[in-house]
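Below is one structure; the comments refer to it alone.
The values are calculated or read from the model by the stated rules, or taken from the named source; none is laboratory data. This structure is a prediction, so every number in the text was calculated from the model and none was measured. FYI the Cβ positions are ideal-geometry reconstructions off the backbone, even for glycines, and counts take in every protein chain you see. Surface areas here come from the heavy atoms of the whole protein model, side chains and all, with no ligands, DNA or RNA. Shrake-Rupley method; radii C 1.70, N 1.55, O 1.52, S 1.80 Å.
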Amino acid sequence: RPTKFPPGPKPLPLVGNLFSVLFELKKVKYHHSLWKCWSNKYGGLLGLRLGSVNTVVVFGKEMIKEVYSREVFDGRPDGFMYTLRSFGKKLGIVFNDGSSWAKTRRIALKFMKSHGYGSRLMEEHISEECMELVKMLSRTTKPVLANNLFDVSIINIVWRLVAGKRYKLDDENLKKLCDLITRCFKAVDISGGVMTFMPFLRYIIPDIIGYTEMTTVHRALHKFLTETIREHRGTLDPDNPRDVIDSFLIELHHNNGSSEDLQVVCLDMLEAGVETVNNTAVYMLLHLVRERNVQMRLQMEIDEVIGKERTPSLSDKSRMVYTEAVILETLRISSIAPVGIPHMATADTQLGGYDIPKGTFILIGLHDLHNGSHWKNPQDFRPERFLTKEGNLMQDETLKPFGFGKRRCIGEGLARSELFLFIAHIMQKFHLIVPDGDPLPTADPVGGITLSAKPFKIQFLPRHGF
Ligand code: HEM
């Protein structure tokens, strides 16, 4: 019979486990590794008190499945860090919940689809960005810093849909905007840390808890978005919406709605849709420079199915099982969203025989799900684990990088297409090598809202005399 909160380290009054978290992080470096260490000691449902907030970290396929499929866990926490980016309110999609979230998510998806999301047009836009990127890479023989390689291309893909606009790959203002997003993603972990659990500390140590960084970045992002929406308003033709922003503005006009909601949806798309794909794509390159055999096998498949000259297309996907396996293996081993996006219990409930009070913050052990005992030698990058003996692609139900259930990622289709086309275009044209004198890049991540690769350079050597 459920009687108590899940076990975990003993909390202190007021601060709960926050001091132990900060202390232990010095040793284990990453939040997700610390949660895993503690769960080895206390169990698959790890109960914490962060400040005064009940927090549960959920491990194991079955328990994770249960959380993702029960409506009572579909809330998002009210944490200070989350509302800081949305005018102090719950707005938009990612950190919203209840009927406002359901409505905004539905409308955003409807408008995205009506402007080409998931269609041939979207593929054309991704392909154009890939070709621009290949062109840029072919102009230099010098080693290139890999870490933000895809940022502007990815923003362009999302932004053509949302705002009908693309930028040059060397656009200084957009590069600055990308740097801002990257910086804020490194300032805190997805829980928001001390900023979420003891927000009053922003008055005392704003720099240390990431508050200064988050507010600076969001001020700049909102300025960019306010201008973008203002431009749209000025040139709007209600009978011919050009993009998602136009469609939203028309909808808001009919319902007397506020454009703050639209602004946060745009922010959601920039924040959820850019670092995630960039970090995964960069990790894919990192694994390919580390594993020469994987790189060779991938190129053999590209040469066989697409050839040296034809532009890669999404219709090649079904015949490119090894490329698909490389993508799946990267999503697994690098798990850039190591605990997903926090959920919240919207009512008192039970889970795994324990009480979960309303308002409990729920983190999902995705990194552990993807790197735990289910997998043979999980630390090895081995795309073959996703292939059958006959060489067909084998999906594994334990791989859930986009979450699932009602709150699953709305960008999954786009992300998978981007990853496929980026890698097919680049590997058709280049060999990737570690520059002379540089060490082999480490797969150890930099922590943050998402995990990212440590800075490393790649030399892109043209293939086929390209
Ligand atoms: C490799 C790339 C990506 C990964 C690994 C990823 C992963 C995730 C995860 C784990 C969640 C949380 C699901 C949950 O709370 O249960 C999520 C939510 C979300 N993602 Fe993604 N994502 C990626 C790309 C994208 C892209 C390209 C977009 C948009 C263009 C996007 C937009 C969103 C949004 C709006 C949500 C919030 C959904 C909601 O709360 O209802 N993501 N993503």
* Quick one: what pairs do we get from region 428-456, first residue under 24 Å from C130 (Cβ atoms), second surrounded by fewer than 16 Cβ atoms within 10 Å (Cβ to Cβ) and of a type in the set (K, R), C-beta under 8 Å, 6+ apart or different chains? -> Q428/K308; Q428/R463; K429/R463; F430/R463; H431/R463; V434/K457; P435/K457; P441/K454
* Restricting attention to region 403-416, does a residue exist that is at positive phi, more than 14 Å from the chain's Cα centre (by Cα) and more than 14 Å from the ligand (Cβ to nearest atom)? -> no
* Residues being away from the ligand (no atom under 16 Å from the Cβ) and surrounded by 21 or more Cβ atoms within 10 Å (Cβ to Cβ): count how many of those fall in region 327-359. => 1
* Matching option when the condition is part of a helix (DSSP H, G or I), over 17 Å from the mean Cα position of the chain (by Cα), surrounded by 13 or more Cβ atoms within 10 Å (Cβ to Cβ) and away from the ligand (no atom under 16 Å from the Cβ), among I426, I458 -> I426
* Give me the pairs: first residue in region 198-209 and open to solvent by 40 Å² or more (accessible area, probe 1.4 Å), second residue assigned to a loop (DSSP other than H, G, I, E, B), beta-carbon distance under 9 Å, and six or more apart or on different chains, which are they? -> R202/I209
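One line per residue, one yes/no per condition, for (1) touching a residue at least 40 places away in the same chain (Cβ under 8 Å); (2) aromatic (F, W, Y); (3) over 17 Å from V188 (Cβ atoms):
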| site | (1), (2), (3) |
| --- | --- |
| G51 | yes, no, no |
| I64 | yes, no, yes |
| P77 | yes, no, no |
| F80 | yes, yes, no |
| L91 | yes, no, yes |
| T104 | yes, no, yes |
* Checklist (1) of a type in the set (G, A, S); (2) modelled with pLDDT of 95 or more; (3) closer than 16 Å to S258 by Cβ; (4) surrounded by fewer than 17 Cβ atoms within 10 Å (Cβ to Cβ) applied to A102, failing item -> (3)
* Residue match in region 380-394 (condition: within 21 Å of the chain's Cα centre (by Cα) and within 16 Å of the ligand (Cβ to nearest atom)) -> no
